[in-house]
Amino acid sequence: MKILIVDDEPDIQVLLTFFLEAMGHTQVVTASSAFEALKIVESSEIPFDMFMLDIQMPNMSGIELCQVLRAMPEYRFKPILMVTAMSDKKYVDTAFAAGATDYLNKPFDELELKHRLGLAERATFHERQVAKDAQTISDTLAHEPLANPYDLSNAVPIDDVNGVMRVHAFESYLKHLRVLQFQKTHFFCGEC
């Protein structure tokens, strides 16, 4: 997996790189700011498979960077893990609303990081499958309409509505809310 770490603290870059390489991830690139990260992303011939973003950075936050990455077609479904000291509910809410896949608070340990990476890898596989299924359904509908146009048995991703989360991101969000004790939280589920 090709991973981009974006954090303005050099010590965190070194620590995350060390952990990732110890787990067998040898394609690790670091950036000290969101602007540097965007330059790296735009000039990279091979797309990144995952992003690890700090929230508090000068000029552009990790949350703003997350939104920019999600607007790029090649990164619509790539895992974005927020790795931050910011633990207030407002940051968690804003990060997931911007498109974060998961949220890891500093300080973290190697086992938790390993677990989160495993979830991200599985989420990537799942997202590719959902996108493939959605494209198949779209292609089929273009040629032959469904007998029952209200058949909702297959999930179709909603990508153009702000604040909509993928299932795996929503699960991670709920885990964080449990920690934050569901402080003034409202959510809606289209298919529960």
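Each reported figure results from applying straightforward, stated rules to the coordinates on display, with no laboratory input. Predicted model only: the values in this text are computed from it and were never measured. No Cβ is skipped: glycine too gets one built from the backbone with ideal geometry, and neighbour counts run over all protein chains shown.
Brief remarks on what is shown
- Estimated FRET transfer efficiency when R0 is 25 angstrom, pair ALA134-VAL68 (beta carbons, to 0.05): 0.60
- Once the chain from ARG76 to GLN27 is taken as fully extended at 0.36 nm per residue, the excess over their C-alpha distance is 15.6 nm.
- Here the Karplus relation 6.51 cos²θ - 1.76 cosθ + 1.60, evaluated at θ = phi - 60°, turns the backbone of region 72-80 into coupling constants of 8, x, 6, 10, 4, 10, 6, x, 10 Hz, with x for every Gly and Pro.
- Take each peptide in 114-124, 92-102, 53-63, count the other Cβ atoms within 10 Å of every residue, and average; sorted highest first, the result is 92-102, 53-63, 114-124.
- Too-long pairs where the Cα-Cα distance tops 27 Å, listed order kept, from LYS39/LYS89; LYS2/LYS132; LYS78/LYS114; LYS2/LYS89; LYS106/LYS132: LYS39/LYS89; LYS2/LYS89; LYS106/LYS132
- Sequence of GLU64, GLU21 once ranked by neighbouring C-beta atoms within 10 Å, starting from the fewest: GLU21, GLU64
- Relative contact order, whole percent, for region 1-56 stands at 53, derived from Cα pairs under 8 Å and 6 or more residues apart.
- Cα convex hull of region 16-145 - mean projected area over all directions, nm²: 9.4
- Per residue, the average separation of C-alpha pairs within less than 8 Å and at least 6 apart gives region 39-89 a relative contact order of 43 percent.
- Short-range pairs are left out: with C-alpha atoms under 8 Å and at least six residues apart, the relative contact order of region 1-134 is 21 percent.
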